[in-house]
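In what follows, a single structure is set out as structure tokens and then discussed.
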Amino acid sequence: MQIFGSDIESLTFAASQVSNDFNLVDINMGCPAPKVVKNGDGSKLLQNLDLVGSIVEEVVKASSTPVTVKIRKGWSKSNDVSVQASKIIEQAGASMITIHGRTRDEFFSGEVDLEAIKKVKESVSIPVIGNGNIVDEESALKMFEYTGVDGIMIGRASMGNPWLFQRIIHYLQTGEKLKEASNKEKLEIMIQHIELEVAKKGERVGIPELRKHLACYIRNLPNASKIRVTINQINSKNQLIEYLKECF
């Protein structure tokens, strides 16, 4: 369960409530979203490393399960605190660090700084997970080989492409690439995704939430933009599934 915030009392309460039901409690100190950082949360915390240390220390005490922390390089180009922050986080008792190789100012643009991730890995003894711009088999292998990280975290590239994890694992183990998912497989997974979402949240909430995911599934199809426009006008699960069957 990932938690975020900058108020120690709130974070320790949250950790104490969720830690019995999850394998890890992860503190998000990397989120760049304006609605998060305006409250002093997410990557904004990287401008206050004393607070970072205090938060981790208290959350570790409050949690009955291991605590991990996700960070970015820093707030801006002139504020690369990744190594310093990682050492503080380790000292405060965290069990693992995930490092996204960009600053908050960069959001998701530009190249990921593999050198910064490598330096973090070399500076601490707890496991380090590399994150940022892992989009295929080659970029996953490069992250491992260049930085020496213990694992990788994949985010945006998996949207509309849940096969990516299996493909990367197979490639790392064998050096061979699996075939791309067929349109039949894509349709089957899309329908399953729709059924699960609507079962959990209902059509009124679930269908609008699905639209960005469905747009990712169809991005390489002919007429993808036209299909996306139609999908955005459908509010019924059955109608959505029938339309996708026609498209595929």
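The values are calculated or read from the model by the stated rules, or taken from the named source; none is laboratory data. None of the values given here were measured: they were computed from a predicted structure. Virtual Cβ from ideal backbone geometry, glycine too; neighbours counted across all protein chains shown.
Rundown of residues vs (1) within 28 Å of ILE55 (Cα to Cα); (2) of a type in the set (Val, Ile, Thr); (3) in the same structural domain as SER63 (by TED's automatic domain parsing), yes/no style:
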| residue | (1), (2), (3) |
| --- | --- |
| LYS87 | yes, no, yes |
| GLU137 | no, no, yes |
| THR147 | yes, yes, yes |
| PRO162 | no, no, yes |
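Among the residues of region 116-153, what is the count of those that are over 26 Å from GLN91 (Cβ atoms) and buried (at least 19 other Cβ atoms within 10 Å of the Cβ)? The number of residues fulfilling the criteria is 4. Could you list, in sequence order, all residues of region 7-21 that are β-branched (Val, Ile, Thr) and either outside the structural domain of ASP50 (by TED's automatic domain parsing) or touching a strand residue (DSSP E or B) at 6+ places or on another chain (Cβ under 7 Å) (or both)? Answer for region 7-21, where residues must be β-branched (Val, Ile, Thr) and either outside the structural domain of ASP50 (by TED's automatic domain parsing) or touching a strand residue (DSSP E or B) at 6+ places or on another chain (Cβ under 7 Å) (or both): just VAL18. Mind counting the residues in region 165-181 that are of a type in the set (A, V, I, L, M), in contact with a helix residue (DSSP H, G or I) (Cβ under 6 Å, 6 or more places away or on another chain) and either within 15 Å of PHE144 (Cβ to Cβ) or modelled with pLDDT under 95 (or both)? Number of matching residues: 1. Of the helices (runs of 4 or more DSSP H) lying entirely inside region 157-242, those carrying at least 2 residues that are buried (at least 16 other Cβ atoms within 10 Å of the Cβ) and among the β-branched types (Val, Ile, Thr) are 183-217, 224-231. The selection criterion, being in the same structural domain as ARG102 (by TED's automatic domain parsing), within 24 Å of VAL83 (Cα to Cα) and touching a strand residue (DSSP E or B) at 6+ places or on another chain (Cβ under 9 Å), holds for ASN28.
Taking (1) among the polar types (S, T, N, Q); (2) surrounded by fewer than 19 Cβ atoms within 10 Å (Cβ to Cβ); (3) within 30 Å of GLU188 (Cβ to Cβ) in turn, SER109 satisfies each apart from (3). Of the residues screened, SER125 is not one that is at pLDDT below 95 and either assigned by TED's automatic domain parsing to the domain that holds ILE89 or aliphatic (A, V, I, L, M) (or both).
Evaluation of LYS237 against the conditions (1) under 23 Å from the mean Cα position of the chain (by Cα); (2) at pLDDT 95 or above shows that the sole unmet condition is (1).
Count of region 163-206 residues, restricted to those that are over 21 Å from GLU137 (Cα atoms) and small (Gly, Ala, Ser), is 3.
When we screen SER43, SER63, SER54 for residues that are surrounded by fewer than 18 Cβ atoms within 10 Å (Cβ to Cβ), modelled with pLDDT of 95 or more, within 16 Å of PHE4 (Cβ to Cβ) and of a type outside the set (Val, Ile, Thr), the only hit is SER54.
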